[in-house]
C-alpha cells in the first residue's frame with residue numbers, strides 16, 4: 001500500500017509539527033482505518049472509543065491531563081487538525097464526536113474557572129460526557145450578534161429564555177455552552193456564555209433534525225431556565241469574544257476534516273480506476289482519468305498547506321489567525337467538495353449507490369461548506385482583512 005492508501009499522517013509535512021505529534025497522528029490513523037459502517041454506534045460509544053485511543057486529550061488543557069502544550073491553558077490546533085484529518089478519512093461520525101468534544105469544551109479552556117474546568121473537563125476527556133456548543137438560532141446563524149436568547153438577572157441567579165437550533169449533540173450532551181444576551185440594548189457586547197446541563201429546570205430538548213449525513217443534531221429551548229451565577233462562563237458581556245475565539249481556533253480544523261474526506265475519496269478513486277476495465281484496459285490508462293487524478297491530488301495538497309499554515313501560526317502564539325484560518329477553511333472545504341464530486345464521477349454508476357464510500361463522502365462533505373462560517377462569509381472575512389479599514 002502506498003502512502004496515500006494508508007490515510008493521512010504527519011510524515012510529509014514534518015516542518016509543521018513537533019515530535020510528539022507523530023504518535024498522536026498514528027493513533028488517530030489506526031482508529032480511523034477500522035471498519036466503520038455507515039450505521040454506526042451511538043455517539044457515547046464513539047466518544048469512549050476516542051478516549052480509549054487517547055485522542056480526546058487534544059481537546060482539553062494540559063492541566064486536566066491533556067497535551068504537553070506550550071501553555072497549560074491552551075490546546076494545540078495542529079494536534080486537533082491531525083486528528084480530525086484522520087477521523088474524517090474513516091468516519092463522519094468519528095470526526096463529529098471528536099470535534100464537538102473540542103468545540104464544547106474550549107470555551108471552558110478560554111474562560112472557565114478552575115472549579116468549572118475540574119467539574120466538566122475530566123468527563124469530556126474520558127469520553128463519559130458529550131459536550132455541545134449552542135449558539136445558532138432560527139434567526140441568528142452567521143450574524144451571531146443578532147441572537148435573541150436572553151439571560152435575565154434574578155437575584156443571585158440567571159434565567160434563560162430562547163431557542164437554539166442545529167446544535168450538535170442536542171439531546172445527548174452532558175453539558176451545553178450556551179450563548180445568551182444579558183443586555184440586548186448593548187448588542188453583541190451583552191452576549192454572555194453559560195454552562196447548562198440537561199437536568200436544569202427549564203431546559204427543553206425539542207427534537208432531532210434529520211440530516212442528509214449521519215449527525216446527532218437538533219433543537220433545544222430554554223423556558224425560564226434558572227441557573228446559579230457559578231454557571232456563568234467568563235464575565236458578563238464576554239460571550240461574543242469567547243465564541244469568536246473558539247471559532248477562530250477551530251475554523252481551520254473544519255478544513256482538516258474535509259482534507260481527510262477528500263483524501264479518502266482520492267484513495268478510493270485510485271483503487272477504482274486501477275481495477276475497473278473498459279475497452280480492454282484499466283480506465284486509469286485513459287488520459288482524461290489521469291487528468292482528473294492529477295487535479296484531485298494537487299488541490300488536496302494545496303489545501304493541506306493552507307490548513308496547517310493556519311494551525312501552525314495559532315500554535316506559535318499568534319493572537320489572531322482570522323485571515324489564515326478563513327483561507328484554509330474556505331479553500332479546503334470547497335476543494336474537498338470538488339475532489340469528492342470527481343471521485344463519484346470516476347466511480348460511474350457505483351458512485352451513487354447508497355453505502356459506497358464516495359457516496360457517503362458526497363453527503364458528508366456538503367455541511368462543512370456551511371457550518372462555522374459559510375464559504376461566502378469566509379470570502380467577506382478574507383477581503384475585510386485585506387482591505388484598509390472602512391473598505392476600498
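Below are the figures for this structure:
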item: Nearest-ten-degree value, helix 322-347 long axis tilted from longest Cα axis of the chain; result: 40
item: Nearest 10 degrees, 0 to 90: helix 287-315 Cα axis against the chain principal axis; result: 30
item: Å³ per residue enclosed by the Cα convex hull of the chain; result: 139
item: Fluctuation leader among 87, 227, 361 - the chain, Gaussian network, Cα springs under 10 angstrom; result: 227
item: Separation of alpha-carbon centers, segment 265-295 and segment 328-348, rounded to whole Å; result: 16
item: Rounded tilt (10° steps) of 92-103 against the dominant C-alpha axis of the chain; result: 30
item: Three-way shape label, segment 256-392, alpha-carbon gyration tensor, a/c 1.5; result: prolate
item: Shape category assigned to segment 113-238 from the gyration tensor of Cα positions, a/c cut at 1.5; result: oblate
item: Estimated inter-spin distance, residue 113 and residue 278, nm [label 7 Å along Cα→Cβ]; result: 6.6
item: Sequence of 133, 205, 331, 194 once ranked by neighbouring C-beta atoms within 10 Å, starting from the fewest; result: 205, 331, 194, 133
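Values in this text are rule-based calculations from the coordinates and carry no lab data. For clarity, every value in this text was computed on a predicted model and none was experimentally measured. Virtual Cβ from ideal backbone geometry, glycine too; neighbours counted across all protein chains shown.
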